[in-house]
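Accompanying notes for the structure given below.
The values are calculated or read from the model by the stated rules, or taken from the named source; none is laboratory data. Bear in mind the structure is a predicted one, so any value in this text is a computation, not a measurement. For neighbour counting, all protein chains shown are included, and Cβ atoms are generated from backbone atoms with ideal geometry for every residue, glycine included. All accessible areas refer to the heavy atoms of the entire protein, side chains included, with ligands and DNA or RNA removed. Shrake-Rupley method; radii C 1.70, N 1.55, O 1.52, S 1.80 Å.
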Amino acid sequence: MQVGPHPTDVEAAARRFLLLGILPLWVVPGLADWWMHRRTGIERTSGTKESAVHALMMTETGVPVVMGLLARVNPLVLTTMGAAAVAHSATAVYDVSLATGEREVRPIEQHIHSFLEVLPLTALAFTACLHPDQVRSALRGGPHPRDWRLLPKDHPLPPAYLAGLAGVIGLGVVLPYAEELRRCLRARPRAS
């Protein structure tokens, strides 16, 4: 896959690792976490409240991922990624405190959470390393008007890659967690 005009070997390897490694494999710990929720009967314990927090965390990671895939990386995109990573970390702390008060959270699930907490930071770090000029611009406050606009990439990612990644995320994240939320909503006691 061509990922840029003339990347150096290190740059090309970093892009491949980000696009073909980190992003699609992020689904694995997400699916494992969903399985742990299912195994421990989330619908009978913390229920809809915890499942809604999971949806929030997916949004906190999904928005900056979509921006990074479709938009030119500039101070706006990097700042959004950084803010989202901080928000995701804070939400993750809340999620675990909510879960441990309501259901058993085994050490293996905590270990899975470790991956889910570090992957947004890893994706941000790789993106920052691939765009050092934009990091410098962000640190200077983004002095140019184009620094704070959402712009299309100069070299868009191939549609087949984007469709494949969307399929992986749809099947490995969206569907399982939608099923979890549905289970929680159906198990919720009804007011008489």
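General remarks:
- Test result for Leu175, part of a loop (DSSP other than H, G, I, E, B), exposed (fewer than 15 other Cβ atoms within 10 Å of the Cβ) and within 20 Å of the chain's Cα centre (by Cα): no
- Total residues in segment 132-148, condition among the basic types (Lys, Arg) and surrounded by 11 or more Cβ atoms within 10 Å (Cβ to Cβ): 2
- Considering only residues in segment 149-164 that are open to solvent by 50 Å² or more (accessible area, probe 1.4 Å) and of a type in the set (D, E, K, R), the one that is nearest to Leu20 (Cα to Cα) turns out to be Asp154.
- Among the residues making up segment 68-98, those that are open to solvent by 30 Å² or more (accessible area, probe 1.4 Å), out of contact with any strand residue (DSSP E or B) (no Cβ under 8 Å at 6 or more places or on another chain) and either closer than 23 Å to Ser137 by Cα or touching a residue at least 40 places away in the same chain (Cβ under 8 Å) (or both) are Leu76, Thr79, Thr80, Ala83, Val86, Ala87, Tyr94.
- Subset of segment 46-90 (residues that are among the polar types (S, T, N, Q), more than 14 Å from the chain's Cα centre (by Cα) and part of a helix (DSSP H, G or I)): Thr48, Ser51, Thr79
- Under the condition of being out of contact with any Pro (no Cβ under 8 Å at 6 or more places or on another chain), assigned to a helix (DSSP H, G or I) and more than 12 Å from Thr61 (Cα to Cα), the residues counted in segment 91-112 number 15.
- Extreme residue, farthest from Ala52 (Cα to Cα), among residues of segment 160-170 that are aliphatic (A, V, I, L, M) and free of Cβ contacts under 8 Å to residues at least 12 places away in the same chain: Ala160
- Some residue of segment 122-140 being out of contact with any Asp or Glu (no Cβ under 7 Å at 6 or more places or on another chain), assigned to a loop (DSSP other than H, G, I, E, B) and at pLDDT below 95: yes
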